[in-house]
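Colleague: Structure below; questions to follow.
The values are calculated or read from the model by the stated rules, or taken from the named source; none is laboratory data. These numbers were taken from a predicted model, which means no experiment stands behind them. Here the Cβ positions follow ideal geometry from the backbone for every residue, glycine too, while neighbour counts run over all protein chains shown. Just the protein is used for accessible areas: all its heavy atoms, side chains included, with ligands, DNA and RNA removed. Shrake-Rupley method; radii C 1.70, N 1.55, O 1.52, S 1.80 Å.
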Amino acid sequence: LSVIAACACLAVFYFCVLRLFQKRKTAFLLMILLSADIQFLYAAHFARSEIFILLFLCVCLWALCAPRISRNMALLCALATGTAVFFHPNSFFLACACGCALLYRCKIERKGLRPLFWYCGVTGAFAAAAVAISFALDKDFVRHYLAYGQGEFDLLVSPGEKITGLFGFFARLWQQNSGTYYVPHIRVQILLFLVCALLCTIFTCVIHNEH
């Protein structure tokens, strides 16, 4: 299943880049680069559920790259992020990122917040369904979930401790040290992530000033 999801991810990513740059060669080249990424290969071939999150991320990206914001865009994003809830808890970050992107599009295009309301409502319905199923399977779901999260990931530590622990977290990734998890060599990806984050921040500020 993870390999099938990876193949679908490459196809959707190709159309994302094609919609964004309108150049088939660029889309094909970037798709090849993604297929050769060590983290992508690891998630695809070792049955990691993160590959499904990446697939839903690409679907959201394809929708968000549409020329104009619309209800259909919001519903497609909600369908993707809502389905992701059933695959991995990190779908929360995907949902937040997609919601922020929709909010930005609403503000820039001055179309009102109705698409965002559609997105939040449908995604919230998926999340409520997931919680309802969890309670049906385990009446003490919240207690057991929190106990597991605290034991494995220090889920209940304060936000301040989590923020201060970010440096140590990235340092361990840089050193390929993550306990029982296998961490491939991703120093190049970490540096590229920081550069892209900086460039995106600058680009967003420029666009904001123009509007």
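Colleague: In the stretch 4-26, what count of residues is obtained for those that are farther than 18 Å from Pro67 by Cβ, of a type outside the set (A, V, I, L, M) and crowded, with 16+ Cβ neighbours inside 10 Å?
Modeller: Here the count works out to 3.
Colleague: Pull up the stretch 91-116, narrow it to residues that are under 15 Å from Leu76 (Cα atoms) and over 19 Å from the mean Cα position of the chain (by Cα), then point me to the one that is most open to solvent (accessible area, probe 1.4 Å).
Modeller: Among residues in the stretch 91-116 that are under 15 Å from Leu76 (Cα atoms) and over 19 Å from the mean Cα position of the chain (by Cα), the one most open to solvent (accessible area, probe 1.4 Å) is Arg114.
Colleague: While we're on this one: Out of the residues in the stretch 165-204 meeting the condition of being of a type in the set (Ser, Thr, Tyr) and surrounded by 11 or more Cβ atoms within 10 Å (Cβ to Cβ), tell me which one is nearest to Ile108 (Cα to Cα). Spell out how you get there, then give the answer.
Modeller: So the first thing to find is which residues in the stretch 165-204 are of a type in the set (Ser, Thr, Tyr), and the list is 178, 180-182, 201, 204.
When the remaining residues are screened for being surrounded by 11 or more Cβ atoms within 10 Å (Cβ to Cβ), the result is 178, 204.
Values: Ser178: 41, Thr204: 11 Å.
The extreme case among them is Thr204.
Colleague: In the stretch 27-66, which residues are open to solvent by 30 Å² or more (accessible area, probe 1.4 Å), touching a residue at least 24 places away in the same chain (Cβ under 8 Å) and among the β-branched types (Val, Ile, Thr)?
Modeller: Passing the criteria: Ile38, Val59.
Colleague: Within the stretch 21-58, how many residues are touching a Leu at 6+ places or on another chain (Cβ under 8 Å) and not in a helix (DSSP H, G or I)?
Modeller: Count: 1.
Colleague: Tell me whether the stretch 136-158 contains one or more residues that are small (Gly, Ala, Ser), closer than 13 Å to Val85 by Cα, out of contact with any Pro (no Cβ under 8 Å at 6 or more places or on another chain) and open to solvent by less than 60 Å² (accessible area, probe 1.4 Å). Working first, answer last.
Modeller: Here is the first cut: in the stretch 136-158, the ones small (Gly, Ala, Ser) are 136, 147, 149, 151, 158.
If we keep only those that are closer than 13 Å to Val85 by Cα too, we end up with none.
No.
Colleague: Across the stretch 119-135, which residue is least open to solvent (accessible area, probe 1.4 Å) among those that are under 19 Å from the mean Cα position of the chain (by Cα) and aromatic (Phe, Trp, Tyr)?
Modeller: Tyr119
Colleague: I need every pair where a residue in the stretch 67-90 that is buried (at least 18 other Cβ atoms within 10 Å of the Cβ) has its Cβ under 7 Å from the Cβ of a residue that is of a type in the set (Lys, Arg), sequence separation at least 6 or different chains.
Modeller: Listed by first residue and then by second, the contacts come to Ile69/Arg105; Ile69/Lys111.
Colleague: Could you list, ordered by first residue, the pairs with Cβ atoms under 6 Å in which the first is in the stretch 1-20 and on the phi > 0 side of the Ramachandran plot and assigned to a helix (DSSP H, G or I) and the second is open to solvent by less than 70 Å² (accessible area, probe 1.4 Å) and among the aliphatic types (A, V, I, L, M), at least 6 apart or interchain?
Modeller: Sorted first by the residue in the stretch 1-20, then by its partner, the list stays empty.
Colleague: Continuing with this model, one more query. Scanning the stretch 133-166 for residues that are over 28 Å from Leu194 (Cβ atoms) and hydroxyl-bearing (Ser, Thr, Tyr), which turns out modelled with the highest pLDDT?
Modeller: Looking at the filtered set, the residue picked out is Ser134.
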